[in-house]
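Worksheet: one structure, shown below.
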């Protein structure tokens, strides 16, 4: 097609759209500039980053769906995924077009109003790929008209958002050494930032930024310092070489401070701290990095010398609050270790920390936020259990209610076992194991993912809850219990609604102020992503993924 | 050579009437108890992260029960463990030959290294006890015969270890799986329902009642919903002799489903 023909056909398209009305207008996706990403809150019709904006609040200012009409939500469309297994992806929505990944590394572009697919990109992973905990991918990032996806074999691929064709493809790390990328990248200015997984196989993790146009590496922050680097004195001998420190979920960004925040995963081996004496920085920490250089500005470690796999695999939620009467730029963090933290995000200073579930691995936190560890005797139960008080599930913060919302596991504990293990390439580097505490021997227990439509493990081994926490006090405001545990993220709205799901396949709308159930839909499959909201042609949609189905809801038309 | 006799084969010989099942047909190697124990030690650090402590952590797969997506023979298992499955999240593992043997032995032994100490008697006598003196058949159904009030035992020999069977017979309350706990429900309209849960979620519960009727109830419609923790099944400690107990367990191990 020649240029002039193309131009003429565009004109025809536009004229046709004008003549026939907006409902059949082509989706005129504009360039997603860094400025648009900065001001994502000003275009709530779109969902431009994994967490719905750099502050990662997963809060929408769209107000069409309210507590009064939420019962009128109806399913508008369903996209059936083509692969089995946990579908953890958060879709992006850009000017009416949705971009979602599915296992192992497919990207689909679809009409966010109808669910019909424009194109599909399939990435062929190397057979060498070695990824912990499932062939997961949590989504794409966008800059201009280019999408970015990390892959199981630790590549980063740039993809044309209009036609799904790859633009560049670089190796972020060596998949033969068990590096992988499962998170949704984060675009900051002219760079795309990713982190790597693989601590269960003895990697040394890192966060790295790449030029959006070329894929050339701009900076890299290693989560396990080398000898001589700051923090290396928290490692003994050569334990740092396979020290772990995965990055499993997308970071956040404060443009005023020009800092990007990333949660770092567990040390290796997972369960045997005896063979890696020291605090093992920067595992189980949040790191604040200069967005232009990757230089470490500050860190805060939640779980030094971790024996429980309590990795800081959570999204940093940024909020501006009044603490003790003074305005404060804070970071809110409900950690896998069972404590809810409030940090000063400019300095990393610990402001507050309180347990949000039962905790007995530590008796509390000292004035600097360091846990006072109380290891349980061998054979005794440790709370929270191995999957933690929460895990990678995206929390939400509502500036309206001032509350932080997190999916938690309650009544869930593990017996841990330490075992010396030398690193060997190609093998898990776990250093022991754990067993979920069950009421009787051999009883079914909870683990990673729902395995059956029949819950024969019951709440006797743990159950899920949405917990609303007040950052000003650290205390629980309300709780919504679920019978099975939950891996669902949370969305809140400017109309004080809270949307979340769970392993049972129920999709719930709660009153964000009280936790009261206002609406629910039984979608049949486990919800292990986080809901999003967007608007097309004047209609607000709420979308989530249950089992193998991506479902989008909106209010039914008035009769 | 006696030392290398298959541990499972020894059990089979003890039971006497064990029929060949799918697992036996596809298990084409013999394993020692030492193999099983070696596999048990390796399973925690290498496999448990994804497959779970009970082997059913990955949908569609139950390692303990020998349910796989792709493999059936031991050689299939060995190939998948060492090569992985690209795109499915299963990595290849670099294991020594003895370790590989151990993992497969542990899987084939149903994750049960403890059961070797459980004594097995005569399955024919056990069947007679089950239907007679022990009155098991008054509550449990087997192969289409008997009531449905208690769990159907037609495949209990495939889904429970010997140690678990013995534990349940001797101390049913402390072995009672949470889902099998008796429930007592009073609906808002005053009906009382006693039975056993089949499934439950946040809003509903599915159960079979004492008259073998299936109910799916909305919790918001219930006035009372009590889950008892005491088993209705009696303990057979003292009710059966040690030999009789061994006979009943031997019979239960023959129940492997269709």
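The values are calculated or read from the model by the stated rules, or taken from the named source; none is laboratory data. Being a predicted model, the structure only gives us computed values, none of them experimental. In this analysis, Cβ positions are derived from the backbone assuming ideal geometry, glycine residues included, and neighbour counts consider all displayed protein chains.
Residue count for region A:190-231 satisfying the condition of being farther than 19 Å from residue A:284 by Cα and part of a strand (DSSP E or B): 9.
Let's see how each residue does on (1) surrounded by fewer than 23 Cβ atoms within 10 Å (Cβ to Cβ); (2) farther than 25 Å from residue A:276 by Cα; (3) out of contact with any strand residue (DSSP E or B) (no Cβ under 8 Å at 6 or more places or on another chain); (4) modelled with pLDDT under 95:
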site	(1), (2), (3), (4)
A:405	no, yes, no, no
A:408	no, yes, no, no
A:414	no, no, no, no
A:418	yes, no, no, yes
A:427	yes, no, yes, yes
A:431	no, no, no, yes
A:439	yes, yes, yes, yes
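For region B:62-87, a tally of residues being in contact with a helix residue (DSSP H, G or I) (Cβ under 7 Å, 6 or more places away or on another chain) and surrounded by 16 or more Cβ atoms within 10 Å (Cβ to Cβ) returns 8.
Restricted to region A:116-138, and to residues that are within 19 Å of the chain's Cα centre (by Cα) and either loosely packed, with under 15 Cβ neighbours inside 10 Å or closer than 13 Å to residue A:195 by Cα (or both), which residue is nearest to the other protein chains (Cβ to nearest Cβ)? I'd like the intermediate steps shown before the answer.
Here is the first cut: in region A:116-138, the residues within 19 Å of the chain's Cα centre (by Cα) are A:131-138.
Among the residues that remain, those that are also either loosely packed, with under 15 Cβ neighbours inside 10 Å or closer than 13 Å to residue A:195 by Cα (or both) are: A:137-138.
Values: A:137: 11, A:138: 14 Å.
That would be A:137.
Within region A:161-175, one or more residues are in contact with a strand residue (DSSP E or B) (Cβ under 8 Å, 6 or more places away or on another chain), buried (at least 20 other Cβ atoms within 10 Å of the Cβ) and farther than 30 Å from residue A:309 by Cβ.
Against the definition (in a loop (DSSP other than H, G, I, E, B), away from chain A (no Cβ under 14 Å) and under 30 Å from residue B:225 (Cβ atoms)), how does residue B:184 come out, yes or no? Lay out the reasoning, then the answer.
Details: in a loop (DSSP other than H, G, I, E, B): no; away from chain A (no Cβ under 14 Å): yes; under 30 Å from residue B:225 (Cβ atoms): yes.
Criteria not met by residue B:184.
Being away from chain A (no Cβ under 14 Å) and modelled with pLDDT under 95, is that true of even one residue in region B:196-209? No: zero hits.
Against the numbered list (1) more than 14 Å from chain A (Cβ to nearest Cβ); (2) surrounded by 15 or more Cβ atoms within 10 Å (Cβ to Cβ), residue B:168 comes up short only at (1). The set of residues in region A:57-88 that are within 19 Å of residue A:140 (Cβ to Cβ) and loosely packed, with under 14 Cβ neighbours inside 10 Å comprises A:82, A:83. What are the residues in region A:506-526 that are surrounded by fewer than 20 Cβ atoms within 10 Å (Cβ to Cβ), assigned to a loop (DSSP other than H, G, I, E, B) and away from chain B (no Cβ under 14 Å), if any? Once the filter is applied, which keeps residues that are surrounded by fewer than 20 Cβ atoms within 10 Å (Cβ to Cβ), assigned to a loop (DSSP other than H, G, I, E, B) and away from chain B (no Cβ under 14 Å), region A:506-526 yields A:513, A:514.
Among A:250, A:260, which is the only one that is in a loop (DSSP other than H, G, I, E, B), touching a strand residue (DSSP E or B) at 6+ places or on another chain (Cβ under 6 Å) and buried (at least 23 other Cβ atoms within 10 Å of the Cβ)? Before you say what the answer is, go through the steps one by one.
Values: A:260 fails: in a loop (DSSP other than H, G, I, E, B).
So the residue among A:250, A:260 that is in a loop (DSSP other than H, G, I, E, B), touching a strand residue (DSSP E or B) at 6+ places or on another chain (Cβ under 6 Å) and buried (at least 23 other Cβ atoms within 10 Å of the Cβ) is A:250.
Looking across region A:264-301, the residues that are under 18 Å from the mean Cα position of the chain (by Cα) and either more than 14 Å from every other protein chain (Cβ to nearest Cβ) or over 15 Å from residue A:242 (Cα atoms) (or both) come down to A:264, A:283, A:284, A:285, A:286, A:287, A:288. Summed over region A:126-164, residues that are in contact with a helix residue (DSSP H, G or I) (Cβ under 8 Å, 6 or more places away or on another chain) and touching a residue at least 40 places away in the same chain (Cβ under 8 Å) total 10.
Tell me the residue from A:46, A:69 that is farther than 30 Å from residue A:184 by Cβ and modelled with pLDDT of 70 or more, please.
Working: A:46 fails: farther than 30 Å from residue A:184 by Cβ.
Exactly one of A:46, A:69 is farther than 30 Å from residue A:184 by Cβ and modelled with pLDDT of 70 or more, namely A:69.
Residues considered: A:503, A:513, A:451. Of these, the only one that is at pLDDT below 95 and out of contact with any helix residue (DSSP H, G or I) (no Cβ under 7 Å at 6 or more places or on another chain) is A:451. Got at least one residue in region A:69-79 being part of a loop (DSSP other than H, G, I, E, B), away from chain B (no Cβ under 14 Å) and over 20 Å from residue A:527 (Cα atoms)? Checked against the condition, which is being part of a loop (DSSP other than H, G, I, E, B), away from chain B (no Cβ under 14 Å) and over 20 Å from residue A:527 (Cα atoms), region A:69-79 yields at least one hit. Scanning region B:124-155 for residues that are under 15 Å from the mean Cα position of the chain (by Cα) and surrounded by 21 or more Cβ atoms within 10 Å (Cβ to Cβ) yields one hit, B:153. Residues in region A:139-182 that are more than 19 Å from residue A:242 (Cα to Cα), part of a loop (DSSP other than H, G, I, E, B) and away from chain B (no Cβ under 14 Å): 8 in all.
Total residues in region B:154-165 satisfying the condition of being more than 11 Å from chain A (Cβ to nearest Cβ) and touching a helix residue (DSSP H, G or I) at 6+ places or on another chain (Cβ under 7 Å): the figure is 3.
Can you name the residue in region B:206-244 that is over 22 Å from residue A:455 (Cα atoms) and in contact with a strand residue (DSSP E or B) (Cβ under 9 Å, 6 or more places away or on another chain) and is also surrounded by the most Cβ atoms within 10 Å (Cβ to Cβ) among such residues?
Residues of region B:206-244 that are over 22 Å from residue A:455 (Cα atoms), as a first pass: B:211, B:223, B:233-244.
Applying the additional criterion that residues be in contact with a strand residue (DSSP E or B) (Cβ under 9 Å, 6 or more places away or on another chain) yields B:211, B:223.
On the way: B:211: 10, B:223: 12.
Result: B:223.
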